Structure formats: structure tokens, C-alpha cells
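What follows draws every value from the coordinates through simple rules; no lab data is involved. No experiment lies behind these values; they were computed from the predicted model shown. Because the Cβ atoms are built from the backbone with ideal geometry, glycine has one as well, and the counts that use them run over all protein chains shown.
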Amino acid sequence: MVIVARLVILAFFLRYRLLNPVHDAFGLWLTSVICEIWFAFSWILDQFPKWFPIDRETYLDRLSLRYEREGEPNMLAPVDIFVSTVDPMKEPPLVTANTVLSILAMDYPVDKISCYISDDGASMCTFEALSETAEFARKWVPFCKKFSIEPRAPEMYFSEKVDYLKDKVQPTFVKERRAMKREYEEFKVRINALVAKATKVPLGGWIMQDGTPWPGNNTKDHPGMIQVFLGLSGGHDVEGNELPRLVYVSREKRPGFQHHKKAGAMNALVRVSGVLTNAPFMLNLDCDHYLNNSKAVREAMCFLMDPQVGKKVCYVQFPQRFDGIDRHDRYANRNTVFFDINMKGLDGIQGPVYVGTGCVFRRQALYGYEPPKGPKRPKMVSCDCCPCFGRRKKLPKYSKNGVNGGANTTGFDDDKELLMSQMNFEKKFGQSPIFVTSTLMVEGGVPPSSSPAALLKEAIHVISCGYEDKTEWGAELGWIYGSITEDILTGFKMHCRGWRSIYCMPKRAAFKGSAPINLSDRLNQVLRWALGSVEIFFSRHSPVWYGYKEGNLKWLERFAYINTTVYPFTSLPLLAYCTLPAICLLTGKFIMPEISTFASLFFIALFLSIFTTGILELRWSGVSIEEWWRNEQFWVIGGVSAHLFAVVQGLLKILAGIDTNFTVTSKASDDEDFGELYAFKWTTLLIPPTTILVINLVGVVAGISDAINNGYQSWGPLFGKLFFAFWVIVHLYPFLKGLMGKQNRTPTIVVIWSVLLASIFSLLWVRIDPFILKTKGPDTKQCGVNC
Ligand SMILES: O=c1ccn([C@@H]2O[C@H](COP(=O)(O)OP(=O)(O)O[C@H]3O[C@H](CO)[C@@H](O)[C@H](O)[C@H]3O)[C@@H](O)[C@H]2O)c(=O)[nH]1
Ligand SMILES: [Mn+2]
């Protein structure tokens, strides 16, 4: 009701604004009204998908009751876990090792999990670190399971400042913990030694321990590499129990081939895992997102293996949570407004968007199939009966491909048809009979006849460069190409096919990652996301025009996707709106005519409705007011810098074909204690916000001194303008802090540029409309009485 009320008030407000132009500042008025209309539009896109938020609850004990009966084989579904890494310098191997250890130690039947690491950097350092990690896991995993510790990433576990003796009854715990801590310190020393060694490449390239040269010495031109650690053949832990499989994969790279960044890496893993283990579900994690809750996968299974609704669920997304963010979360890294408000809202429609990490997929959904069509639910009293909002009758879908989630997996009539469909499959999935067969095995598993050696050979084949040529990979299958935010596109395709996704927020955060905490890195990350969105907006997959034919995408879900692709464009009106107060102060004009008491009611009503929607949202989501305010501030900061650049770069890509690259975010390794927060790196992204800040400050000074000169009665009109300017300044405040750094020193180049730009603008305005003249000019009419 509040949302509807706000919509109505907004309409009245805009009507008033449109009907009351300012005649002596027509340009200012027009600009501001255009901006306000755009803001209203983007508010609708953002607000409406929050109409029906959902909170979910899982019952892990019932999952066990159903699928883990005593005396019977365990029926939980196998899961393949994918971890991506690319640059051992920016993504320290110790961070990746911790993620891997937390995966290997998770609470799930060991024979049902396999962990695949994609190394896009073909780095021997990563490889050797992984080999060390596999060795360390033999001790770490039994320790975790014996004492049920959390989290199971050693670095985080040992640095937790809690009373670890609480609730622990085993007498050996203290002793074993101490011993394990020592083991971990030694492990860390070994990893650090590997990293130190990796900083300078030897002349002839890297040599492996067995004396042969490392195949990945040229990172841009090397064969595919696969190494299986642990698992059935790879030995057991120190207590003789089996360990999950751990597989190192570095896909083939050759010059002249498009590698499609992370999306390409993930697709290579989809195929390798299809050939080697073929679990029906897969969990995808960034190298820095460790398992913070050892039962996370079980949480996901509560939905994916649900006999009633599970079959239509394409993925279960967990919120991203972070470690090591400064207490006030200066640059809104936690993103709680998104993860606790928007995503919960989407869950009430067709499900959350995929955010790139912490997500458990159904393999069949990634293979481009549609969800199985269950028996139609009996119609109840709902929107369905309303003729205007009811869903359109669905068009019959192509079912040539045969496989639709379950029922008819191998129902071919004769050999000819079999051959035909085989050819179709190879056109779709590529020339690997073993992989194609695996896609038909909906319940997972590899053909029993195949030997491990043959499978490994095939695995190398499916990660070769040319494998995806003339197939549907990246267009209809797997992770979708075409944007550096591959995650949004990938989820969007599934929703268009009619799948639904689930948002799962266990009490103990499922995964935790790191976030860039210094200003420049953060802005660059936001730039990449925004650029990815702009790419999608202009692509064939733009939610503005894609996927109407099938009619499977709910329209509020579409609103949300449109919102995630058009938000960077809001930077243009935002930039204008942030410069307006300075211009008003310098020229003495304003964007509104003097308002009557009646008209001011519109403003008060609008303000109140904004306030109420905000408060209600914070109430139901549990987001704190501080987090919300940070988000508002960073929306402006990101808006006038990163989003702006993204729009420009996106247009350049469209018009001039300049490709965009994926700048990987650095992951702080450890114990730096926010040194990073204050680290300052120069980037052009800093220029526009600094300029805005400076001109607004100049405006405030000029406005006040002007009012002082003009005496008492000019303070009234000034008030509105000052308020407006302060609005801009307080939003940019965290940015100002970031600029200052720890030592309160701003790099000279930023100052020079900004002062330059600011003074040019100010001078320009002063020359065009010098406000000083207003007081003394002999030809000014109103001067008579007061002068
Ligand atoms: O060519 C590449 C580039 C990146 N990555 C991996 O992609 C992941 C994400 O990179 P990161 O720099 O950490 O990006 P973030 O901005 O922190 O990540 C968010 O946004 C990305 C989309 O821009 C998603 O891919 C991520 O999953 C999501 O966590 C990392 O594991 C990288 O190793 C690759 O595997 N190959
Ligand atoms: Mn990251």
C-alpha cells in the first residue's frame, strides 16, 4: 500500500514539476525535471520486484531422514564443486588452499563430492600449492570431522577469537588443536615459500619436481592440463578414511582463440566434470569464497532434492558474505541492501539472480533444457483468473531434443533415429561421444564400462581450445558468453526457459569471501560490474527485448533484470543532478519556482512516502539504517564515477569494437589490518566525483558570501540551494575520506585536475552570469528600496 501511495504521490509531484517551469532558468529546470523522471522510472524498476519478499527455512534433519536411512545406502545426490582462480599474485594460493580445504572437509558423504580447480593462469605455483594442500588435507579433514569445528578453512578457524573450549567435551581436543595449529603454520610456511619462489621466473621457464618442464610456461599458449589428487585412487586420510576427489584443471590456451574469461573456464569444468564424475549438481565458488558452514550443500539439497518443487529449481543461490571489511563498511562492500532486500524480493517472484559464486546448480538446467512440465496445479483463487494479468497460454515447446529433465531419457525407436539424434547432440554439445552420453545420464555417474585412463584422455579433449567451435556452448549452454558479468546472463537464460531459482540464507553464513576494501579497487570492481551490465543491455540477450516468445519469464522478474542492466545509465542524470546545486549557488538561480504552501505539500508527501517505504523495507529485511545509508552514499559515488565510465566504455565497445577486459580483484591474503583500506591507487575514476565535490564546496562558499553581502532577506532562497548542495556533499563524504587516505594527504594529481576542472566550470558560470553584479548594477530594476 505504501508503494502504491508513493507511486501516486510521485505522479502528482512530477505533474507539478512539469506544469511549473522556471522562466528565468529554463535550462536548469528542464534538466532537473528530466533527471527526476528518470529517477522515478528507475525507482519503479527497483521497487516493484520487492513486492513479495520471502524468508525460507530448511530442515536438515528431515533431509537426512529421507535420504540417509540407517542400513541403506546413502541417497544424497553427488555434487561437483568448481573453484576458479586465475592469477596467483592477486589471488594468493593460500586463499585458494583455504577454500579447497573447507570444501574437502565439508559435511557430506565423501564419495559424493569432487572438487575441481580451474587455473586460468596455468601457474605452476598454483599447481604445487594444490599438491601441498592435498597432502595437508589428509590431516585437516579428519580433525575437522572429529571435533565438528566451524569454519573448516584453517586460516579463519585459527584466527577466530572465541573460546574454543566451550561445548567441546573430548579431552584430547586441546592437545590435538595445538598440534594441528602447528601443522598449519608449517603448511603456511611451505605455501609462502612456493609463492616467494614464483616471483622470479627462471630463465628456461619452470621445471617440475620430476625434472620435466612445466607445460604452462607460456600462459597464453599451452596445452590443457589435468591432475587428479586424492579420491579413490589417490589414497586416504591419516585415519584411513576416503577423501573427496580433488582435480586440477588448466584448460588449453592458444593465441587466436577467444577464451571467454571466467565463463569459458567454468564451461571447461562443466565438461571435465561431466566426463570424470558427472554429478547431477554443481557448486560454483570463487577462489576466495570458502565454506563457512560445513552443511551448506545439505541446505541446498533441501530444495534441489525436494520431491515436489525440486525438479523445477535450476539453482540455489546463497548470499555473498564477507570477512575483513572495516567496521563501518565505508564503501558498502557488504551490499546488504542487495543481498537482504532485493534478492529476498526476487525469491518471491521467480527466484534470485545468480551472482557468480556460492550457487548450487542443477546440471540439466545448465545444459539448456527446460524444466519438466509437471501436472498442472488446480487453479485456485489467484491472479491466474484475472483476464488481464493471467498468464498467457504457453506455446508448445520444441521437444525434439528428447530429454526434458527426467521421464524420457532414452526412448529412441530405431537406430536411424538414434543416429540422427546423436548428430544433433554433437552439434549442440561438441564432438565428444563420452561427454554427450554423460549429458543423457540425468541421475549422474559415468558409464560403468569406461576405464579411468580413457576418461582422462577424453577430459583433456573436452578442454581443448577448438572444442566449443560450432557448438552451443556459451550461447545456449553452460555459462553464457558476451558479458564480463557472465553470472547475470547465465541466470537470466534459465529464468527465460521457465526455471525458478531459490534463495537460501542459513543462520550461519554458508560461504564467505573477501572484498576489495580500498577505494580504487572497489571502484574498479563496480566499474566491471556496470560495464558487464551495459554489455548485456546492448546484446541480443538484453532483458528489454529477449525472451518474450516463450513467455516463461515473469514480468516482475523481467523488471528486475532490466534494472540490473540499465542502472549504469542512471549515472548520466545523477551527474547532472549533482552539478545542479553548484550551478544554482553560483548563478543564484534555482531549479524550482518559488513554491506556494499548497505545492509544498507535494514535497512533504513525497518525502514522507520515501521515508515510509525505506523504514518498512528496513524493518522486514533486518538491514540496519547505517548499512542502508552507506548503500545510498555508494550509489552516488559509484554512479558519478564507475557507472559513468562503464556507459562510455560500453558505448565504445558497441561503436568501435574495443574489447573489455576482466580486471581481477586482488584478494588480501592476511593480517594486514586494513592497511588496504587506506592504500591509495591513482585511477581516472576519481576525477568526476572529486570535481563534483570541489564545485559544490565552491558553490557553498560563494553562496554564503553572496548572502552575507546581500543581507538578511537573501538567506531564505539560499536555504534550499544549500540543502541541495549538502545533499551532494554528504553522499560523497566516504569518497572524500578515501581520497584523504590515512595521512590526510591527497595525491597532487587529483587535486590539480579537480581544481582545474572546478575553476574552469566556476569561471565559466561567473562570466556568463556574474552574481556579484546583481547587487550594484545600475540597470537592475529591483534595487531601489533595499540597495
Ligand atoms: O579470466 C578469468 C577471470 C576471472 N576468473 C575468476 O573469476 C572469479 C571472480 O573474479 P573477482 O575478481 O573475484 O571478481 P568479483 O568482482 O569479486 O566477483 C563477482 O563478480 C564476477 C562478475 O564480474 C563474478 O564472476 C564473481 O563470481 C563474483 O563473485 C575469480 O575466482 C577469478 O579467479 C577466471 O577464472 N578467469
Ligand atoms: Mn571476488
Starting from region 417-519, pick out the GluC sites (Glu not before Pro) whose DSSP state is loop and whose Cβ has at most 14 other Cβ atoms within 10 Å.
-> Glu443, Glu476
Can you give the % of DSSP beta bridges in the chain that are antiparallel, to the nearest 5?
-> 40 percent
In region 431-496, what trypsin sites (Lys or Arg not before Pro) fall in a loop by DSSP, with at most 16 other Cβ atoms inside 10 Å?
-> Lys470
P(r) of region 1-69 over all Cα-Cα pairs, binned every 5 Å from zero, in whole percent = 3, 13, 16, 14, 9, 8, 7, 5, 5, 5, 4, 4, 3, 2, 1, 0
Holding the Cα-Cα limit at 31 Å, pick out from Lys188/Lys493; Lys427/Lys667; Lys262/Lys312 the pairs that are longer than that.
-> Lys188/Lys493; Lys427/Lys667
Scoring the chain by relative contact order with C-alpha pairs under 8 Å, at least six apart, yields a percentage of 18 percent
Helix 571-587 axis, angle to the chain major axis (alpha carbon atoms, nearest 10°) = 20 degrees
When every alpha-carbon pair in region 148-296 is counted, what percent end up more than 18 Å apart?
-> 74 percent
So what is the relative contact order for region 209-272, in percent, with contacts set as C-alpha pairs under 8 Å and at least six apart?
-> 30 percent
For every other residue with a beta carbon closer than 11 angstrom to the beta carbon of Arg508, add +1 if it is Lys or Arg and -1 if Asp or Glu, then tell me the sum.
-> +2
Give me the Debye-computed log₁₀ of I(q)/I(0) at q = 0.07, 0.08, 0.11 Å⁻¹ for the chain, equal point scatterers on Cα only, no solvent, two decimals.
-> -0.59, -0.75, -1.30
Considering only Cα-Cα distances, which of the following residue pairs are longer than 20 Å: Lys295/Lys507; Lys90/Lys197; Lys311/Lys373; Lys344/Lys549?
-> Lys344/Lys549
Out of residues 5 or more away from Ile81 or on other chains, whose amide H comes under 5 Å of its own, with H placed 1.01 Å from N in the peptide plane?
-> Ser114, Cys115, Tyr116, Leu283
Relative contact order of region 189-312, pairs being alpha-carbon contacts under 8 Å that are 6 or more residues apart, as % = 14 percent
